[in-house]
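First, the structure itself, so that you have it in front of you.
The values are calculated or read from the model by the stated rules, or taken from the named source; none is laboratory data. Note that the coordinates shown come from a computational prediction; the quantities given were computed from them, not determined experimentally. Here the Cβ positions follow ideal geometry from the backbone for every residue, glycine too, while neighbour counts run over all protein chains shown. Please note that ligands, DNA and RNA were not included when accessible areas were found on the heavy atoms of the full protein model with its side chains. Shrake-Rupley method; radii C 1.70, N 1.55, O 1.52, S 1.80 Å.
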Amino acid sequence: MVRFKRIAKNNSGHHRNPFLGLKMMALVVILIVTIIVSIGLGSLHVPVIDVIKSLIDMGEAKYELILMQLRLPRIVAAVLVGAAMAMAGTMLQALIRNPLASPDLMGTTSGATAAVVAAITIMNGEISVAWLPLAALIGGCFASTLTYMLAWKNGSSPLRMAMIGVAVSSAMGALTIYFTLAGPLHMVSQALGWMAGTVYGTSWKHVLYLAPWVVICGGIALFQSRNLNVLELGDSIAKGVGMRVERKRFLFIALSVILASSAVGIAGGISFVGLMAPHMARKLVGNNNLVVLAASALIGALLVLLADLIGRTVFVPLDVPAGIFTALLGAPFFMYLMFRQSNRV
């Protein structure tokens, strides 16, 4: 046990980051300021002071509907979706020890997307929003379980999981296309819009469906972060300090799947957040997964929030899906990571 604590502490990187507290506080302040500014921006501009008054229940009645019932739930949903995708990506990158890992790698995102598109088209668009996160969770769990089982050979090798995950993702993508084409014609635009990744039309009902998953799974991940630090060092070291490697790996994979699937169920395929946010967090706060998980959640929330803000304000009267902007930013980021990795080989 003493050795376990020493290894986890040595991997935390506390001594390398003397301004850690200030950096985390800065992220929190930036997120809060961005939320407040975002609430006031839109087709109707509301001054910041009026936004703050509305948030503390002292605002004017004329702003109540647009701020508290239309914009705020959408913004909170964007924050939760970004945080969920970022934490899912952080855990996968640590587990698989691959900087290119993301929820897409395990087939989670594509499996969740295929399940929701299937539910929308089969039910002819009449499915309740309450069932979409459940459908996404079933699809994400199925794809991830399939990846995990196919990668099993006297244990689950991170390399095998990565390779098989790509194949499963491709298969789930093919299923998504099939259900899109096989469904009623009038449902195609709805399915395609949702697949692009958007928090348009979200309400407090969506927030209530998503928030428990993010809070509970995110809390467990933070609590178990020391185990994630040790797993990141390799299976041989983890086994050497007495860790039950497969049990802990399965726990983190399950947490990642639930976080990513629940986010997809609400906002669709918002891509690359789970790839970008962990890298940004590690550059900012070091390698201790406790801090990286928290920082990546804040950064992921900021990424989706800013993408949604741009989509609903810059191209008025169009409401462009946030997933388009995360993809525009994430694609070159992914190519940069691939180029950097290839130079290291």
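Can you work out the FRET efficiency for the pair Trp152 and Leu100, with r the C-beta to C-beta distance and R0 = 25 Å, to the nearest 0.05?
Working: r = 22 Å, r/R0 = 0.88.
E(calc), rounded to 0.05, equals 0.70.
Could you check how much of the accessible area of the chain is carbon and sulfur, as a whole percent, using a 1.4 Å probe? Show your work: numbers first, answer last.
Details: 11390 of 16120 Å².
The computed percentage sits at 71.
Per residue, what volume in Å³ does the convex hull of the Cα atoms of the range 237-319 enclose? If you can, show how the numbers build up before the last one.
Working: hull volume 8.6 nm³, N = 83.
Once divided by residue count, the hull of the range 237-319 is 104 Å³.
While we're here: Note the full-extension length gain between Ile30 and Ala167 as 0.36 nm times their separation in residues minus their Cα-Cα distance, in nm to one decimal. Intermediate values should be presented prior to the final figure.
Values: separation 137, 0.36 × 137 = 49.32 nm, distance 3.86 nm.
The Ile30-Ala167 span can extend by a further 45.5 nm.
Full-extension gain between Ile216 and Ile122, please, as 0.36 nm times their residue separation minus the C-alpha to C-alpha distance.
Details: separation 94, 0.36 × 94 = 33.84 nm, distance 3.13 nm.
Computed gain between Ile216 and Ile122 is 30.7 nm.
Also: With all protein chains present, calculate the accessible area of Thr34 using a 1.4 Å probe and round the result to the nearest 10 Å².
Only protein atoms counted, so the area is about 20 Å².
Sticking with this one: Treating only the Cβ of Lys, Arg, Asp and Glu as charged (+1, +1, -1, -1), what charge dipole size does the chain show about its Cα centre? Round to the nearest 20 debye.
Details: 25 positive and 11 negative charges, 343 e Å.
With only Lys, Arg, Asp and Glu charged at Cβ, the dipole is about 1640 debye.
Post the alpha-carbon centroid distance, the range 160-193 to the range 213-241, in whole angstrom.
The range 160-193 and the range 213-241 have Cα centres spaced 31 Å from each other.
Between Lys239 and Leu192, how high is the FRET efficiency from 1/(1 + (r/R0)^6) when r is the Cβ-Cβ distance and R₀ = 45 Å? Nearest 0.05. Mind showing how you got there, number by number?
Details: r = 47 Å, r/R0 = 1.03.
Step by step, r from the Cβ atoms, then E = 0.45.
Rounded, prolate or oblate: pick one for the range 166-255, where a ≥ b ≥ c are the square roots of the eigenvalues of its C-alpha gyration tensor, a/c under 1.5 means rounded, and failing that, prolate if a/b is larger than b/c, else oblate.
Values: a/c = 4.45, a/b = 1.83, b/c = 2.43.
Here the range 166-255 falls in the oblate category.
Highest mean first, how do 208-214, 291-297, 54-60 rank when packing is the count of other Cβ atoms within 10 Å averaged over residues? The partial results should precede the final answer.
Numbers: 208-214: 17.6, 291-297: 26.7, 54-60: 12.7.
Ranked from most to least packed, the peptides come out as 291-297, 208-214, 54-60.
Top to bottom by accessible area (1.4 Å), largest first, where do Arg226, Arg340 land?
Arg226, Arg340
Still on this structure, I have one more. Working only with C-alpha atoms, what are the Rg and Dmax values of the chain, expressed in angstrom?
Every Cα atom of the chain included, Rg and Dmax give 20.3, 64 Å.
Starting from 0.36 nm per residue, how many nanometres of slack lie between Leu55 and Lys205 once their C-alpha separation is accounted for? Please report the intermediate quantities before stating the final value.
On the way: separation 150, 0.36 × 150 = 54.00 nm, distance 1.87 nm.
Full extension of this stretch gives 52.1 nm more.
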